[in-house]
1. With just the Cα atoms of segment A:33-103, tell me how far they stretch along each of the three principal axes, in Å, largest first.
2. With a cap of 16 neighbouring Cβ atoms within 10 Å, and only residues DSSP puts in a loop, list the chymotrypsin sites (Phe, Trp or Tyr not before Pro) found in segment A:61-155.
3. By DSSP, what percent of the beta bridges with both residues in segment B:151-275 are antiparallel, rounded to the nearest 5?
4. Determine the alpha carbon to alpha carbon distance for each of B:K189/B:K252; B:K141/B:K182; B:K48/B:K122; B:K183/B:K259 and list only those over 29 Å.
5. How much net charge surrounds A:L77 when only other residues with a Cβ under 12 Å from its Cβ are counted (Lys, Arg +1; Asp, Glu -1)?
6. What's log10 of I(q)/I(0) for the protein assembly as shown at q = 0.11 Å⁻¹, Debye sum over Cα points only, no solvent?
7. If you average the alpha carbon positions of segment A:246-264 and of segment B:1-56, how far apart do those two centres end up, in angstrom?
8. Can you run the Rg to Rh ratio on chain B? Use alpha carbon positions and the Kirkwood inverse-distance Rh.
Amino acid sequence: MISDITFGQYYPSKSVLHKADPRMKLLLTFVTIIFLFVCKNFLSLAVMAFITVLAVAVSGVPLKTILKSIRPVLIILVFTAALNIFYTKGGEVYYEIWKIQITEKGVNTAIFTIIRIVILVVLSSLLTYTTTPTDLTTGLERLLSPLNVLHIKVHTLAMMMTLALRFIPTLVEEIERIMNAQKARGADLETGSLVQRAKALIPIFVPLMVSSFRRAYELAFAMTCRCYTGGEGRTRMKQMKLSVRDFVLLFICLTACAGVIVLNIFFEAVI
Amino acid sequence: MSAVIEVKNLSHYYQKGTPLQVTALKDINLTINQGEILGIIGHTGSGKSTLISHFNGLLKPSEGTVLVDGEDIHKDKETLRNSRFKVGLCFQYPEYQLFEETVYKDIAFGPKNMKLSDDEIKERVLRAAEHTGVSIDMLDKSPFDLSGGEKRRVAIAGVMAMEPEVLVFDEPAAGLDPAGRKKLIDLIKDYHRSTGCTVIVVSHSMEDIARLSDRLIVMNNAGIAMDGTIQDVFSRADELTEMGLDVPEITKIFAEIKKRGFDVPPDVYSVDRAVDVIRSLTEGRAGL
Ligand SMILES: Nc1ncnc2c1ncn2[C@@H]1O[C@H](COP(=O)(O)OP(=O)(O)OP(=O)(O)O)[C@@H](O)[C@H]1O
Ligand SMILES: [Mg+2]
């Protein structure tokens with residue numbers, strides 16, 4: 001069912017992570033993900049895994065919900081694991097059949113990559129679970145605001161993103177409505193050759209475009225009526241302020257990053 | 001009278017098995033007879049649209065069965081597809097389904113899906129256009145150049161052109177001005193009279209329903225609360241009010257008049273009829 005698509009999958013709660021400043025959360029997620037790729041051995045990776053488990057634990061988001069976010073990448077996980085096992089060669093040979101060799105290095109790389117991807121997905125979905133889409137785009141806008149110097153219209157981009165996120169559920173609903181109306185007129189969307197099926201989308205696509213443009217005009221009109229003139233001189237009702245909480249998070253994160261570097265230096269690299 | 005649509009123990013749940021599960025229909029039993037014109041009324045969210053979406057198999061019952069012409073529509077793919085043509089569904093704001101380059105092509109979309117011959121399609125399009133008051137010179141225009149009311153007519157013609165045994169309208173007059181409403185209701189009534197096919201109309205407006213149908217179904221909280229003639233239903237005004245519905249103002253006034261001891265008929269649902277009744281009443285007086 002189309003309506004199963006969730007986007008901007010905010011999970012309401014009152015945890016530390018929910019209350020943290022979106023700018024800090026964005027920044028920390030970014031930094032942790034970079035350090036995920038700095039990790040060279042299992043010990044340093046364990047530090048990142050620990051941070052992730054800690055974050056999940058304090059986030060107040062149920063484990064089941066978190067695991068659900070991994071499901072879509074399951075295929076990618078299996079695929080990369082298989083590629084790594086079969087194509088990375090080196091170290092002790094565990095198993096050999098015909099031309100295929102399974103080696104120590106291959107297995108290590110596979111496990112390493114899987115953990116890395118899982119942490120990556122969990123961290124980034126944790127960001128969207130604990131931050132509303134509006135906060136997220138506002139945070140991004142503020143973080144990227146230095147780019148204004150380069151004449152990149154950061155505010156416009158952020159506004160476009162907010163609006164796009166806002167209208168995804170509306171569009172999904174609209175598509176479902178139009179599909180039902182055309183099915184009631186005998187439109188056949190499920191059978192036929194590829195060309196026929198592509199053609200069958202025209203009766204869905206045209207009304208969708210028409211109503212999207214109408215909606216866009218109406219929205220632009222409504223925004224103008226409320227004196228929207230773009231980002232310049234616009235103030236915010238909800239000011240973002242960094243608090244002690246944010247610096248504690250920053251401290252924990254930086255400690256972990258330092259740990260990763262130290263462990264990388266003192267222990268042998270496996271990847 | 002033979003039954004066209006039979007609904008047996010129908011329940012429908014949205015988002016079944018999640019914490020967000022909604023019971024939209026609960027154990028519905030309903031028989032719709034050949035050739036009748038049936039009104040369905042109920043407060044917002046009472047399950048009207050969900051119910052009618054089961055008639056042509058757009059939704060699959062969570063429990064229970066829907067029979068069209070005595071056949072379970074979910075029996076196989078073929079039956080399901082045929083049910084789409086047997087029961088024509090015209091959704092709320094149908095004008096948003098228009099997509100073709102010309103009005104003619106858009107009305108022809110349904111018949112074309114039925115794989116009819118070109119001549120037959122042409123005949124049906126012209127007939128549907130006549131029923132809905134879409135003029136011949138409008139047929140070559142782009143549907144996007146029409147006014148809102150004209151678009152609505154074209155969209156309705158698109159469903160009528162399939163010449164279904166049962167024609168279902170969800171809120172056909174929503175968003176139209178009073179004159180437009182009246183015209184559309186009359187159009188549906190004329191269509192019913194001239195073709196004799198079964199018509200089902202979902203509406204929020206008691207006045208519209210009263211003008212249209214003989215039999216009325218009242219839905220409340222996912223179930224059928226009342227099923228009877230207009231007169232039966234309107235005589236239970238107190239219960240209707242409890243469900244957030246209302247009988248027409250004029251009917252309420254006539255109930256009051258009757259309480260004051262005047263001999264007025266109980267079936268006054270429109271101002272036109274009221275004028276007639278009062279006139280005959282005063283004329284009767286003058287004769288005394
Ligand atoms: N796609 C859906 N997903 C989840 N719940 C739905 C969906 N469609 C309808 N519902 C719910 O099912 C119930 C019945 O909805 P339905 O649309 O049938 O009501 P209705 O009587 O047609 O209302 P209205 O008069 O506003 O058109 C409502 O509580 C509604 O919130
Ligand atoms: Mg409805």
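The values are calculated or read from the model by the stated rules, or taken from the named source; none is laboratory data. All values derive from a computational prediction rather than experimental measurement. Cβ sites come from the backbone with ideal geometry, for glycine too, and all protein chains shown count toward neighbours. These accessible areas exclude ligands, DNA and RNA; they are computed on the full protein's heavy atoms, side chains included. Shrake-Rupley method; radii C 1.70, N 1.55, O 1.52, S 1.80 Å.
1. Its Cα atoms span 50, 26, 19 Å along the three principal axes.
2. When the chymotrypsin sites (Phe, Trp or Tyr not before Pro) of segment A:61-155 are filtered for loop state and at most 16 Cβ neighbours within 10 Å, A:W98 remain.
3. 55 percent
4. Flagged as over cut-off: B:K48/B:K122; B:K183/B:K259.
5. Neighbour charge sum, excluding A:L77 itself: +2.
6. -1.10
7. Between the Cα centre of segment A:246-264 and that of segment B:1-56, the gap is 59 Å.
8. 1.01
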